[in-house]
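One structure below.
The values are calculated or read from the model by the stated rules, or taken from the named source; none is laboratory data. Please read all numbers here as calculations on a predicted model, not as lab measurements. Glycine gets a Cβ as well: all are built from the backbone with ideal geometry, and neighbour counts include every protein chain shown.
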């Protein structure tokens, strides 16, 4: 199986033709607002700043901001990276001493929405998720059809696929990532190498999730699964799948897939067989990921505050997703088309602008 990202190779969880349509005709068609894990306390040595930007990646904005303020990159905190092809808002943290200098900062397409003091620097991943408001234009289907699909996704969950943003220009990052893992790549930058290898992990995860959907295992559990509780985040081994089935059907727990690495054990029993099949599709074994730390990722996520608003030439979809999830996975289910072209790429929250080796342009950020 090819290591190039292809939506058509991944099973959808909903049936039907979809609404079709066009995304991101203008940046205002794609709105992303960060949902913080906490709000600043009002006191402390760090200045929290909520910014709105249009036409810039987070990385580009921070480069301009740090140059103006005269601070080091490592003194700036950010919870996640946001896309350029959207209107986005997010919190960043700065040393408190720059508060007066911030008043003179001006950048086209950037607004300071509010500021407040806090005791700690903002860290990567310190967010609950993101709120998306997405305008779909030129839709062949109706808003009612979109609403029916969104309602179903709200009940049964959304496949937590890594979207095309993870795989770079033409979806080719995983191919170079595999060369990195096998010691065949000429790329030296450790951050670029790390990001490229995450593409390989992501491709195997997507295949594992697609197999679950294909075989009717998306909203249930099987023996050997490492399941995760949605409320507490606790992870446990599923030994008796029948005993856990009702909790899975209610959306209380879901299976996880393996992002292979030295700190994560492969699945066992029936789940392990499915996982081995996903690896074999790319002629891979767990040992090739020995240089990676590894992790677990939920196979499904649940929408919050989801709604559809009819528009003259389509509709607007609004929903909130947990951190690390891709809006493209939701929109693909509704529209049933190839979501996002190769020049509208995003990076995940654990990447930076230097890791977009195969992206175009080279400093795209996560929405």
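Of everything in region 324-337 that's more than 22 Å from residue 198 (Cα to Cα) and assigned to a loop (DSSP other than H, G, I, E, B), which residue is modelled with the lowest pLDDT? The extreme case among them is 337. Here is the figure for region 307-318: residues that are without any contact (Cβ under 8 Å) to a residue 24 or more places away in the chain and either under 17 Å from residue 155 (Cα atoms) or in a helix (DSSP H, G or I) (or both) total 0.
May I ask you to list the residues in region 32-45 that are in a strand (DSSP E or B) and crowded, with 19+ Cβ neighbours inside 10 Å? Spell out how you get there, then give the answer.
We begin by selecting, within region 32-45, every residue in a strand (DSSP E or B); these are 32-36.
Selection gives 32, 34.
Contact annotation: residue pairs with Cβ atoms under 9 Å, 6 or more positions apart or on different chains, pairing a residue in region 68-83 that is farther than 30 Å from residue 30 by Cβ with a partner that is assigned to a loop (DSSP other than H, G, I, E, B), are 75/121. Cβ-Cβ distances below 8 Å connect the following pairs, each with a first residue in region 214-233 that is on the phi > 0 side of the Ramachandran plot, a second residue that is surrounded by 11 or more Cβ atoms within 10 Å (Cβ to Cβ) and part of a strand (DSSP E or B), and a separation of six or more residues or different chains: 224/237. The residues of region 182-204 that are assigned to a helix (DSSP H, G or I) and out of contact with any helix residue (DSSP H, G or I) (no Cβ under 9 Å at 6 or more places or on another chain) amount to a single one, 190.
It is to be established whether one or more residues within region 284-297 are closer than 23 Å to residue 147 by Cα and surrounded by fewer than 20 Cβ atoms within 10 Å (Cβ to Cβ). Please lay out each step first, then the result.
Kept after step one, since they are closer than 23 Å to residue 147 by Cα, are these residues of region 284-297: none.
No; the residues of region 284-297 include none that is closer than 23 Å to residue 147 by Cα and surrounded by fewer than 20 Cβ atoms within 10 Å (Cβ to Cβ).
Here the condition is being part of a helix (DSSP H, G or I) and over 20 Å from residue 267 (Cα atoms); of 207, 245, 179, it holds for 179 alone. Per the conditions (1) in a strand (DSSP E or B); (2) within 19 Å of the chain's Cα centre (by Cα); (3) crowded, with 17+ Cβ neighbours inside 10 Å, the sole criterion not satisfied by residue 93 is (2). Specify the residue that is surrounded by the fewest Cβ atoms within 10 Å (Cβ to Cβ); the eligible residues are those in region 17-31 that are at positive phi and touching a helix residue (DSSP H, G or I) at 6+ places or on another chain (Cβ under 7 Å). Within region 17-31, the match that is surrounded by the fewest Cβ atoms within 10 Å (Cβ to Cβ) is 20. When residue 269 is tested against (1) touching a residue at least 24 places away in the same chain (Cβ under 8 Å); (2) on the phi < 0 side of the Ramachandran plot, just one condition goes unmet, and that condition is (2).
Please find, among 279, 321, the residue that is modelled with pLDDT of 95 or more, outside any strand (DSSP E or B), in contact with a helix residue (DSSP H, G or I) (Cβ under 8 Å, 6 or more places away or on another chain) and buried (at least 17 other Cβ atoms within 10 Å of the Cβ). Exactly one of 279, 321 is modelled with pLDDT of 95 or more, outside any strand (DSSP E or B), in contact with a helix residue (DSSP H, G or I) (Cβ under 8 Å, 6 or more places away or on another chain) and buried (at least 17 other Cβ atoms within 10 Å of the Cβ), namely 279. If the condition is being modelled with pLDDT under 90 and crowded, with 17+ Cβ neighbours inside 10 Å, then region 174-193 contributes only 192. Taking region 62-90, which residues are over 22 Å from residue 130 (Cβ atoms) and part of a loop (DSSP other than H, G, I, E, B)? Hits for region 62-90 are 70, 71, 72.
Restricting attention to region 224-240, does a residue exist that is crowded, with 16+ Cβ neighbours inside 10 Å and out of contact with any strand residue (DSSP E or B) (no Cβ under 8 Å at 6 or more places or on another chain)? Among the residues of region 224-240, not one is crowded, with 16+ Cβ neighbours inside 10 Å and out of contact with any strand residue (DSSP E or B) (no Cβ under 8 Å at 6 or more places or on another chain), which makes the answer no.
If we keep just the residues of region 105-143 that are more than 30 Å from residue 22 (Cβ to Cβ) and either free of Cβ contacts under 8 Å to residues at least 12 places away in the same chain or touching a helix residue (DSSP H, G or I) at 6+ places or on another chain (Cβ under 6 Å) (or both), which is surrounded by the most Cβ atoms within 10 Å (Cβ to Cβ)? The residue in question is 105.
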